[in-house]
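The values are calculated or read from the model by the stated rules, or taken from the named source; none is laboratory data. As the structure is a prediction and not an experimental result, all values here were calculated from the model. Note that we place each Cβ from the backbone using ideal geometry, even for glycine, and neighbour counts take in every protein chain shown.
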Amino acid sequence: MPAVLCIENLGKTYPGGLTALKSVNLTIQQGEIFALLGPNGAGKTTLIGIVCGLVNATTGRVLAAGHDVKREPRAARRLIGLVPQELATEAFETVEAAVKFSRGLYGHPPDQALVERVLRRLTLWDKRDTKIMALSGGMKRRVMIAKALVHEPKILFLDEPSAGVDVELRRDMWQAVRDLRDAGVTIILTTHYIEEAEEMADRIGVINKGELILVEDKTELMRKLGRRELRLHLTDALHEVPSPLAAYSLTLIDGGLTLVFSFTDEAGQERIPTLLRDVSLAGLNFRDLQTQQTSLEDIFVSLVKER
Amino acid sequence: MNWHAVRAIYRFEMARTFRTVVQSILTPVLTTSLYFVVFGSAIGSRMTDIDGIPFAAFIVPGLVMLSVLTESIGNASFGIYFPKWSGTIYELLSAPVSTAEIVLGYVGAAATKSIMIGLIILATSAFFVPLSVLHPLMMLGFLALTALTFSLFGFLLGIWATSWEKLQFVPALIITPLTFLGGSFYSIDMLPPVWRTITLFNPVVYLISGFRWSFYGQSAINPLVSITMVVLIMVVCLALIAWIIRSGWRLRH
């Protein structure tokens, strides 16, 4: 897949001396959903701000479909849609007027059919004549998404799209994002909800203290870093791991009542049948067994902690 | 040129005007009527003519200019300050629009509104004094040029302001005194020579004097000098705006 966004050596130091980004390199492929994870103040919003023209970079450059966002802002910005993190909407305008304004701002002629499609998709059509200030927070978030979609961007930035949004709406939004991806839109989202990244992203980047510390295919990342465990709950407590089982490097927890087998890859998984056979050969009885997998959240926490 | 964007901004701003029609249009009409009742009828009847013009008629151009100045600055500064304050400016900054398009949209709308108000005030004053305009085209020209120039200034003010206080500060403490001392209610020829000279540093003097000339064919300052001054202020404002948006001052981090 061709690259749609190239970020090269991007750095940002604010006038106060705070370095928000340190030489970030990132290439986004066309049509993917890329999730950018990171704690507060990691530099996610600064990164998005530079790409979208809200923040001036100190070093480096950004190419959107080959257009330098600084040198050819018009060509680059036409392609990019932004839904910022902060809820910022016009107050006194109606939903429909605000959405139409966005379309005009991006240089498109009016298109009532498209406006209606976008509003219906975000279930805002019934509210089209409502003043935005009368809407709930979740609805305002939808208006912001509608404003970004109505100018038909090829690259869409969603900065914390689920902040302050209830579960049902979040599911709706995820579906809308997938539909967009299927329509060929490239999506970059930042999130605190790891569940969201795990659910939606094709690739994941982790940013911390202004540095991109990892970029990886999601399933690959889960496979590489995802630790899995098999727990055997024994009927009788053990003082130590019996010697026939030494090869499995098991650990005993719960006062000797639980045997834990940790593994990270398929080779480890394939040893499970032999392990269970060896356990019965050693004369151990277990009343229950459990397997569990580390979530993206655990991976993320351990990555950020390491630094 | 992204004309769709200019149109979108212009219409958005004009919609704001019509939404608040009472506050936007009736207030200046009422205020002006009060001026005429007090200065025109009550006090004016005891005043002698100025340059052969009855006092009530003499103050008409001054009053129109007073409102056009205040309205231009107020509208244009609010128009750009409000999105800055509410955060919606992100959209303007990330959209494919140039400085020229942004300024054209916002300043165009603000100037349109103040020209409308100027004309409404003029019409209102016709109820109080017999109105005659000697050079109607020049009058409209002065009106438009002034509205445009001070809308540009208001736009600058809106970008500069970082709080509501600052937004009010400049009009209240600088523009209003300059307007009152700019010959709205008197001819600067009535001042002692020293003060007359000092007054010439007040740019508003040229606007009012030129505008009054278009009504009555006489003025304290040569109308050509007046027009030159208005154009000069406009060029300075334009240059400042071009620099501000290019550098991102107060807009982009």
Of the residues A:Leu221, A:Leu212, which single one is part of a helix (DSSP H, G or I) and buried (at least 17 other Cβ atoms within 10 Å of the Cβ)?
A:Leu221
Any chance B:Ser132 is buried (at least 18 other Cβ atoms within 10 Å of the Cβ) and more than 27 Å from A:Ser102 (Cα to Cα)
no
Taking A:Ile187 and the conditions (1) closer than 30 Å to A:Ile145 by Cα; (2) surrounded by fewer than 16 Cβ atoms within 10 Å (Cβ to Cβ), which numbered condition does it fall short on, given that it satisfies the others?
(2)
Can you find a residue that is at negative phi, in contact with an Asp or Glu (Cβ under 7 Å, 6 or more places away or on another chain) and not in a helix (DSSP H, G or I) anywhere in region B:85-105?
yes
Return the pair list, or none, for Cβ contacts closer than 9 Å from residues in region B:89-110 that are at the interface with chain A (Cβ under 7 Å from one of its Cβ atoms) to residues that are surrounded by 19 or more Cβ atoms within 10 Å (Cβ to Cβ) and charged (D, E, K, R), at least 6 apart or on different chains.
B:Glu91/A:Lys147; B:Ser94/A:Arg77; B:Ala95/A:Arg77; B:Ala95/A:Arg78; B:Pro96/A:Arg77; B:Pro96/A:Arg78; B:Val97/A:Arg77
So, of the residues in region A:77-132 that are polar (S, T, N, Q) and touching a helix residue (DSSP H, G or I) at 6+ places or on another chain (Cβ under 8 Å), which turns out to be farthest from the other protein chains (Cβ to nearest Cβ)?
A:Thr123
Being modelled with pLDDT of 90 or more and not assigned by TED's automatic domain parsing to the domain that holds A:Ala148 is the requirement here; does A:His239 meet it?
no
Quick one: would you say B:Ser214 is in contact with a Pro (Cβ under 9 Å, 6 or more places away or on another chain) and among the hydroxyl-bearing types (Ser, Thr, Tyr)?
yes
On the basis of being under 17 Å from B:Ile73 (Cβ atoms), in contact with a Gly (Cβ under 7 Å, 6 or more places away or on another chain), in a helix (DSSP H, G or I) and of a type in the set (Val, Ile, Thr), does B:Val170 make the cut?
no
Which condition number in (1) more than 14 Å from chain A (Cβ to nearest Cβ); (2) outside any helix (DSSP H, G or I); (3) within 25 Å of B:Phe155 (Cβ to Cβ) is the one that B:Thr48 fails?
(3)
When you check A:Glu297 against the structure, is it in contact with a helix residue (DSSP H, G or I) (Cβ under 6 Å, 6 or more places away or on another chain) and surrounded by fewer than 17 Cβ atoms within 10 Å (Cβ to Cβ), yes or no?
yes
Scan region B:174-191 and give yes if some residue there is over 17 Å from B:Leu69 (Cα atoms), in contact with a helix residue (DSSP H, G or I) (Cβ under 8 Å, 6 or more places away or on another chain) and part of a helix (DSSP H, G or I), otherwise no.
yes
Screening B:Ala110, B:Ala95 for residues that are within 15 Å of the chain's Cα centre (by Cα) and within 26 Å of A:Gly107 (Cβ to Cβ) leaves only B:Ala110
Given the condition within 22 Å of B:Ala147 (Cβ to Cβ), out of contact with any Cys (no Cβ under 9 Å at 6 or more places or on another chain), of a type in the set (S, T, N, Q) and crowded, with 18+ Cβ neighbours inside 10 Å, answer yes or no: does some residue in region B:213-225 qualify?
yes
